[in-house]
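Asker: My questions all concern the structure below.
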Amino acid sequence: RRKVIPYKPGRPINTDAIEQTMQGRRAAAISGTPVNKPPIKSKILAGKVVVLSFWFIESNACMEQIPKMERMAARYAGREDIVFLAVMPEPDYVVSRFLYRLKLQYSIIPYGYEIAESYRVKAYPATVVIDKDRYIAEYIIGNEWDWEARLEAVVKWAVGRQESRQ
């Protein structure tokens, strides 16, 4: 098992460089078994806009971001062309207790080390928006003050782009 290394002062992470280099790249395959939904495979996500969040239970910034993501998922509930997923490095029994406590409506994949590595997650929370062509449209590290508005704009753009092609 791999250990998640929390941020320590004095060890800077260049989040801007990571965000800039990841945007426009081909998205890595996503597969796993969420604690609250049926298994997810890349074929199921094909042709859909995917909002992928990386959380860590002991992170205060992640806990602040979760209600924002829940509001965003509620706004797009019932749409089959948008999928909200969360990936956590913790084991399934920890994630299921966490999920029971918060009563979240979207899929949470435990043991997400490989997925996090494939998306170069160096700090939590991280949010990735993948367009229907499987390219990274947006990569946001942290819980910025404009996170919700930024995410909303990108999701609307990706959905509008998807609808114009149909």
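The values are calculated or read from the model by the stated rules, or taken from the named source; none is laboratory data. Quick caveat: nothing in here was measured; it's all calculated off a predicted structure. Every residue, glycine among them, receives a Cβ derived from its backbone with ideal geometry; neighbour counts consider all protein chains shown. These area figures cover heavy atoms from the full protein model, side chains too; ligands, DNA and RNA do not enter into them. Shrake-Rupley method; radii C 1.70, N 1.55, O 1.52, S 1.80 Å.
Asker: Looking at (1) in a helix (DSSP H, G or I); (2) exposed (fewer than 15 other Cβ atoms within 10 Å of the Cβ), which is the only condition residue 145 fails?
Answerer: Unmet condition: (1).
Asker: Check residue 87 against each of (1) open to solvent by 60 Å² or more (accessible area, probe 1.4 Å); (2) of a type in the set (A, V, I, L, M, F, W, C); (3) in contact with a Leu (Cβ under 7 Å, 6 or more places away or on another chain) and name the one condition it does not meet.
Answerer: (1)
Asker: Restricting to segment 75-101, count the residues that are at pLDDT 90 or above and either under 18 Å from residue 26 (Cβ atoms) or not in a loop (DSSP other than H, G, I, E, B) (or both).
Answerer: Residues that pass the stated criteria total 6.
Asker: Determine which single condition residue 153 fails, assuming it passes every other condition in (1) of a type outside the set (Phe, Trp, Tyr); (2) part of a helix (DSSP H, G or I); (3) open to solvent by less than 30 Å² (accessible area, probe 1.4 Å).
Answerer: (3)
Asker: Can you confirm whether residue 75 is open to solvent by 10 Å² or more (accessible area, probe 1.4 Å), within 27 Å of residue 160 (Cα to Cα) and in contact with a strand residue (DSSP E or B) (Cβ under 7 Å, 6 or more places away or on another chain)?
Answerer: So residue 75 fails the test.
Asker: Six or more apart or on different chains, Cβ atoms under 7 Å: show the pairs whose first residue is in segment 117-135 and assigned to a loop (DSSP other than H, G, I, E, B) and whose second is at pLDDT 90 or above and basic (Lys, Arg).
Answerer: Partner pairs satisfying both residue conditions: 132/48.
To keep it simple, each residue is scored yes or no on (1) closer than 21 Å to residue 154 by Cβ; (2) at pLDDT 90 or above; (3) of a type outside the set (Phe, Trp, Tyr); (4) exposed (fewer than 14 other Cβ atoms within 10 Å of the Cβ).
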{"residue": "43", "(1), (2), (3), (4)": "no, no, yes, yes"}
{"residue": "53", "(1), (2), (3), (4)": "yes, yes, yes, no"}
{"residue": "58", "(1), (2), (3), (4)": "no, no, yes, yes"}
{"residue": "103", "(1), (2), (3), (4)": "no, no, yes, yes"}
{"residue": "112", "(1), (2), (3), (4)": "no, no, yes, no"}
